[in-house]
Amino acid sequence: MRGVDEGSFTTGAGYVKAVGSKVTKQFEVGDPVLLSFDHCTKCTQCRTGHPGYCDLFSPLNVGGEAATFKGADGDVTGQFFGQSSFASLTAVKETSLVNVKGLIKDEDELKLFAPMGCGFQTGAGTVVNLAAATSEDSVVVLGLGGVGSAAILVGQHDVTVRITY
């Protein structure tokens, strides 16, 4: 992935501006994408569908690599959660992208989806997968940012979960 043009979007979303020659997933110029964490794809956790528990999560997401990308003009370094999205353009590995083509109608919807690259996976994932909340449980949500909102959304979708916020 050469870059994502964020324009005026909230951090963590944009449109694919260019696709590198080594990209193996289906990304095309113009696809709307969410930026998320990086993972290795090779360890047991990644291969069994649990990339959030990747054996290399810390080095990949909090700056363990000496150079994120190598280019003709030198190395591009610096990253946070595999993508460093506080910029108008960013170089992103395909493992840090979520293609939302077909889910997003326009730029306004993409702006609303931006916090979900992290927030939905964390908030909804915690309620459904980690806590495995049922009708016997009470879930307290502190804060209504991307993470808290996603926890509430999944709780409202699953009427067996009681959410307090």
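Each value in this text was obtained by applying a stated rule to the coordinates, not by laboratory testing. Treat the numbers as computed from the prediction; the structure is a model and nothing was measured. All Cβ positions, even for glycine, are placed from backbone atoms using ideal geometry, and neighbour counts span all protein chains on display.
Residue ranges 96-104, 39-47, 17-25 sort as 96-104, 39-47, 17-25 when ordered by packing (mean number of other C-beta atoms within 10 Å per residue, highest first).
Backbone amide hydrogens, once placed in the peptide plane, bring residue 19 within less than 5 Å of 2, excluding anything fewer than 5 places away on its chain.
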